[in-house]
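Quick notes on the structure that follows.
The values are calculated or read from the model by the stated rules, or taken from the named source; none is laboratory data. Just so you know, these numbers come straight off a predicted model, no measurement behind them. Backbone-built Cβ (ideal geometry, glycine too); neighbour counts: all protein chains shown.
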Amino acid sequence: MAPLNAKIDQCLSHQVAELRRALARVARRLEQGLPVERDLSGLEARIASSCAAVQARRDSVPAINYPDELPVVGRREDIAAAIRDHQVVILAGETGSGKTTQLPKICLELGLGARGL
């Protein structure tokens, strides 16, 4: 069950709770000695489908380019590290510094959004 649980972490976020409940149901049935083959194969198919959808989203991200003249671009690696390492990041900067246009690109580059947050 642990490998399936790990795969669920890579599924579309809106499906994670239901997939975990389904996995728990299969685990309970297994503990009770009840047949689980059909439920388990269906769950595996749903997990595979969800993971494939995430991968398709990642594959469809267009090439990302950054205009060098924007201040946010100069600190891109620092900003990416902050986003990756912290749940909440507050970024302040001058109007026209690239906050609105470049932050989504940085998030896409980090793989955020592919799971459908």
Using the structure shown, decide if Arg38 is closer than 20 Å to Gly116 by Cβ and either more than 24 Å from the chain's Cα centre (by Cα) or free of Cβ contacts under 8 Å to residues at least 40 places away in the same chain (or both).
no
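Could you identify the single residue in Arg57, Arg75 that is among the basic types (Lys, Arg) and free of Cβ contacts under 8 Å to residues at least 12 places away in the same chain? Explain how you work it out, then say what you get.
Details: Arg57 fails: free of Cβ contacts under 8 Å to residues at least 12 places away in the same chain.
Step by step, each of Arg57, Arg75 is checked, and only Arg75 is among the basic types (Lys, Arg) and free of Cβ contacts under 8 Å to residues at least 12 places away in the same chain.
Tell me whether the range 21-32 contains one or more residues that are touching a residue at least 60 places away in the same chain (Cβ under 8 Å) and under 29 Å from Met1 (Cα atoms).
Taking the range 21-32 as the starting set, the residues that turn out to be touching a residue at least 60 places away in the same chain (Cβ under 8 Å) are none.
No: the range 21-32 contains no residue that is touching a residue at least 60 places away in the same chain (Cβ under 8 Å) and under 29 Å from Met1 (Cα atoms).
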Looking across the range 89-117 at residues that are part of a loop (DSSP other than H, G, I, E, B) and within 16 Å of the chain's Cα centre (by Cα), the single one that is nearest to Ala48 (Cα to Cα) is Arg115
Those residues of the range 1-15 which are surrounded by fewer than 16 Cβ atoms within 10 Å (Cβ to Cβ) and either in contact (Cβ under 8 Å) with a residue 40 or more places away in the chain or β-branched (Val, Ile, Thr) (or both) amount to Gln10, Ser13, His14
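Could you tell me which of the residues Val73, Val88 is touching a helix residue (DSSP H, G or I) at 6+ places or on another chain (Cβ under 7 Å) and in the same structural domain as Arg115 (by TED's automatic domain parsing)? Steps first, please.
Details: Val88 fails: touching a helix residue (DSSP H, G or I) at 6+ places or on another chain (Cβ under 7 Å).
The conditions single out Val73.
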Filter the range 25-63 for residues that are part of a loop (DSSP other than H, G, I, E, B) and on the phi < 0 side of the Ramachandran plot; the one that is surrounded by the fewest Cβ atoms within 10 Å (Cβ to Cβ) is Ala63
Checklist entry - Is it the case that the range 79-88 has a residue that's modelled with pLDDT of 95 or more and among the polar types (S, T, N, Q)? => result no
